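Presented below is the structure to which this report refers.
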Amino acid sequence: MARAIGLAANNVNSSNGGPFGAVVVKDGKIVGEGGNKVTVQNDPTAHAEIVAIRQAAKNLGTFDLSGCEIYASCEPCPMCLGAIYWSHIDKLYYAATKDDAAKANFDDSFIYAEIAKPKDQRQLQSVQLMREDAVKVFEEWIETENKIPY
């Protein structure tokens, strides 16, 4: 955890991004780490957890991070939490809370509230198009024998 917090502090001191850091560990060894890079990479998805997960997956040569743990300097936002689930990381440790982040103007409570609403009540307008065509692709996936499930 100290390394994750150190990465967050380094970001603040070097103006490399927001005050967030994360470390992915497997068998007691760091396999991926990252600080928030949203502003330096002009990438709204370059949160510390995402950066660390991408590095860990590359270093381990797999998209399945089962057997890994992630240490985050702050409780993950909904996007990062989703990425942690999708990567099959076994355990999440975090230091600061989402309420602590909100005090520094990193408030993701709006996103949590939006996700809980019915689609037609969300602020982001969502329009479904061409469902039948898209479902056919899923049907092809189901029938494909050489797929790699994840």
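The values are calculated or read from the model by the stated rules, or taken from the named source; none is laboratory data. Predicted model only: the values in this text are computed from it and were never measured. Positions of Cβ are generated from backbone atoms using ideal geometry, with glycine treated the same way; all protein chains shown enter the neighbour counts. We work out accessible area using only protein heavy atoms, side chains counted, and drop any ligands, DNA or RNA first. Shrake-Rupley method; radii C 1.70, N 1.55, O 1.52, S 1.80 Å.
The figures follow:
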| item | result |
| --- | --- |
| Residue identified as of a type outside the set (S, T, Y), within 16 Å of N11 (Cα to Cα), in contact (Cβ under 8 Å) with a residue 12 or more places away in the chain and not in a loop (DSSP other than H, G, I, E, B) among I70, I50 | I50 |
| Within the stretch 11-47, considering residues that are assigned to a helix (DSSP H, G or I) and either touching a Phe, Trp or Tyr at 6+ places or on another chain (Cβ under 6 Å) or hydrophobic (A, V, I, L, M, F, W, C) (or both), the one farthest from I70 (Cα to Cα) | V40 |
| Which listed residue is among the acidic types (D, E), within 18 Å of D90 (Cβ to Cβ) and either open to solvent by 70 Å² or more (accessible area, probe 1.4 Å) or modelled with pLDDT under 95 (or both), from D27, D64 | D27 |
| Leading residue by the ranking (farthest from H47 (Cα to Cα)) among those in the stretch 70-88 that are aliphatic (A, V, I, L, M) and open to solvent by 30 Å² or more (accessible area, probe 1.4 Å) | L81 |
| Tabulated pairs, the stretch 120-144, first open to solvent by less than 100 Å² (accessible area, probe 1.4 Å), second not hydrophobic (A, V, I, L, M, F, W, C), C-beta under 7 angstrom, 6+ apart or interchain | R122/E114; S126/K119 |
| Candidates A22, A8, A46 - the one that is modelled with pLDDT of 95 or more, over 13 Å from the mean Cα position of the chain (by Cα) and either open to solvent by less than 20 Å² (accessible area, probe 1.4 Å) or more than 28 Å from F110 (Cβ to Cβ) (or both) | A8 |
| Considering residues of the stretch 89-119 that are part of a strand (DSSP E or B) and in contact (Cβ under 8 Å) with a residue 24 or more places away in the chain only, the residue most open to solvent (accessible area, probe 1.4 Å) | Y93 |
